[in-house]
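Visitor: This is the structure, below, for whatever I ask next.
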Amino acid sequence: MLVVRARWLLPIVDRPLLNGWCAIDRGRIAAVGRAGAALPFRDDAPLVDLGNMAVMPALTNAHTHLELSWMHGRVPRADRFTEWVRDMLRTRRGDPPGDDTVLMSMQQAIEELRACGTGLVGDVSNSLVSVAPLRESSLKGVVFHELLRLTAADADTVLEQGLDAVKRCGPSVTVPVSLAPHAPYSVSPRLFQGIRAVQERTPFLPSTVHLAESQEEVELLATGDGAWRDLLQELGAWDSGWTPPRTDPVSYLDQMKVLNSRLLAVHGVQLDDAALQRLKTRGATIVTCPRSNAYVGAGHPPVERFYRSGLQVAIGTDSLASNDDLNLFSELELLHRLAPSVPPAALLESATRSGARALGFEAETGTIEPGRDASLIAVDLPKSVVDVEEYLVNGITPDHVHWISQLIADSGLRAEPFREAATKLEERSRAD
Ligand SMILES: [Zn+2]
């Protein structure tokens, strides 16, 4: 048993605790409290004082594509989403990387995620190359094996191959693999239904879909025309037998019974209030990736309306092909700027508890509560901070993010018996 104390402790399930502490026993949170609280453990447990820091749960990055990390800086920013997709595909085809390059860039991305305080990821993969490096890392999460094919003829083959690939990965508690359809404009109704049937047989795994990211997607579904149709035709991926549903993306997926409480619907930039309500009714989570949306020319997501709808909101960075880095604190900073009326506490909950819940890890991580993993980070604070939640959504760089496990291991921090240390801390906090 060891007790960690800091200037601020953010349990997420409760308001931040000034001079808060948490007791850690064999890698799990045993107790949480603030200065002066009665101790539910022996008071000679050693205490490590982290000083002027904010201790919080590790972050959940609910939408990444680690296998695209090698494209970092190679696909320019775009004004239109289809323009970005065209450039991304040109990069992929024109300059295909070797396996070593792909693997090394993924390992660097995993290190970057850790350095930014991320403990859990929802990673989308076509090739499943991210499964092994993630399972070997200290991250947990879900790998979504993404399937895409608009042409109806070979939907069954695509599904069978996808299922075989998932099976070959084998079971894992820390990084399970599940199937996911790519998007309404790239998956045929038959493939959507096939994936749904598989999911009904595996009720414990979440799934994900890119949804209402761009105006071009809305146009294609409503009219069967526009820039997406042009691009799909150019790629030879268009099916002349595909009938546009002539409705919005959410209604379309709802008709196919794809929306449920295990679905992470990613982006939602184009969704109106009625569509958000429908997602909420179905219990889905919206995953917002605001910096990627800006990068690819999709526009800004309706962040205030996301929160006003009562939907569960999680946050992702998307891939390094459409973002400068994988720092989730930078997404929080943009979300706060786009939606100043959304309380910082709600944004922080999205970056921790909501992401963990959507990915099925709520019982283990995302909050500081007895029984949860001690997967905790600490953020340096300047002396002047009064509102710690506001500070944490104003942009935190990785050099100010530390893992508690590392800080404890750091020889510079001397543990003292809790009783003596706590008395000194009480005096110090009264003096502050
Ligand atoms: Zn994506």
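Computed from the coordinates by the stated procedures, all read-outs in this text should not be read as laboratory data. This structure is a prediction, so every number in the text was calculated from the model and none was measured. Reconstructed Cβ throughout: ideal geometry from the backbone, glycine too, with neighbour counts over all protein chains shown.
Visitor: Using alpha-carbon positions, what is the distance between the centroids of segment 82-118 and segment 3-58, in Å?
Guide: Going from one Cα centre to the other spans 38 Å.
Visitor: Please work out how much length the chain gains when fully extended from GLU136 to ARG308, using 0.36 nm per residue of separation minus the C-alpha to C-alpha distance, in nm with one decimal. List each step's numbers first, then the result.
Guide: Numbers: separation 172, 0.36 × 172 = 61.92 nm, distance 3.91 nm.
Roughly 58.0 nm would be gained on extension.
Visitor: Then there is this: Rank-order 229-236, 6-13, 367-374 by packing density, defined as the average count of other C-beta atoms within 10 Å over each peptide's residues, highest first. Walk me through the numbers on the way to the answer.
Guide: Numbers: 229-236: 14.5, 6-13: 22.6, 367-374: 18.6.
The most tightly packed comes first, giving 6-13, 367-374, 229-236.
Visitor: In Å and whole numbers, how far do the C-alpha atoms of segment 3-76 stretch along each principal axis, longest first?
Guide: Its Cα atoms span 56, 25, 22 Å along the three principal axes.
Visitor: Based on the Cβ-Cβ distance from SER127 to SER384, what FRET efficiency comes out when R0 is 60 Å, to the nearest 0.05? Display every interim value, and only then the final one.
Guide: Working: r = 48 Å, r/R0 = 0.80.
The calculated FRET efficiency here is 0.80.
Visitor: Going by average Cβ density within 10 Å per residue, which order do the peptides 25-36, 45-56 take, highest to lowest? Walk me through the numbers on the way to the answer.
Guide: On the way: 25-36: 15.3, 45-56: 20.7.
Averaged packing, sorted descending, gives the order 45-56, 25-36.
Visitor: Rounded to whole Å, give me the distance from the Cα center of segment 121-180 to that of segment 338-398.
Guide: So the two Cα centres are separated by 28 Å.
Visitor: Can you find, among PRO11, CYS169, LEU221, the residue farthest towards the positive end of the dipole of the chain? Put +1 on the C-beta of Lys and Arg, -1 on that of Asp and Glu.
Guide: PRO11
Visitor: Of the options PRO245, PHE204, VAL258, report the single residue whose Cα projects farthest towards the positive end of the charge dipole of the chain (beta-carbon charges: Lys, Arg +1; Asp, Glu -1).
Guide: Positive-most Cα among the choices belongs to PHE204.
Visitor: Rounded, prolate or oblate: which fits segment 76-225, taking a ≥ b ≥ c as square roots of the Cα gyration tensor eigenvalues, rounded meaning a/c under 1.5, else prolate when a/b beats b/c?
Guide: On the way: a/c = 1.73, a/b = 1.17, b/c = 1.49.
Since a/c reaches 1.5 but b/c is at least a/b, the shape of segment 76-225 is classed as oblate.
Visitor: Calculate the FRET efficiency for ARG77 and LEU163 from the Cβ-Cβ distance with a Förster distance of 30 Å, rounded to the nearest 0.05. Don't jump to the answer; show the numbers that get you there.
Guide: Working: r = 37 Å, r/R0 = 1.23.
E(calc), rounded to 0.05, equals 0.25.
Visitor: Based on the alpha carbons, how large is the Rg to Rh ratio for the chain when Rh follows Kirkwood? Walk me through the numbers on the way to the answer.
Guide: Details: Rg = 22.6 Å, Rh = 22.5 Å.
Here Rg/Rh amounts to 1.00.
Visitor: Using +1 on the beta carbon of Lys and Arg, -1 on that of Asp and Glu, and nothing else charged, what's the dipole of the chain about the Cα centre, debye to 20? List each step's numbers first, then the result.
Guide: Working: 43 positive and 56 negative charges, 183 e Å.
Taking the Cα centre of the chain as origin, the dipole is about 880 debye.
Visitor: Is the C-alpha gyration tensor of segment 64-163 telling us rounded, prolate or oblate? Criteria: a/c under 1.5 is rounded; beyond that, a/b larger than b/c is prolate, otherwise oblate.
Guide: On the way: a/c = 1.83, a/b = 1.18, b/c = 1.56.
Note, shape of segment 64-163 comes out oblate.
Visitor: In the chain, with Lys and Arg counted as +1 and Asp and Glu as -1 at Cβ, which of these residues, ALA54, VAL131, ALA35, has the Cα nearest the positive end of the dipole, that is, farthest along it?
Guide: The Cα lying farthest towards the positive end belongs to ALA35.
Visitor: Calculate for the chain the 222 nm mean residue ellipticity that helices alone would give, adding -39,500 (n - 2.57) per DSSP H run of length 4 or more and normalising by residue count, nearest 500 deg cm²/dmol. Please report the intermediate quantities before stating the final value.
Guide: On the way: 17 runs with 157 residues, N = 432.
Dividing the helical sum by the residues of the chain leaves -10500 deg cm²/dmol.
Visitor: Cross-link partners among aspartates and glutamates for LYS280, C-alpha distance below 13 Å, same-chain residues fewer than 8 apart left out?
Guide: The reachable aspartates and glutamates, counting only those whose Cα sits under 13 Å from LYS280, are ASP254, ASP272.
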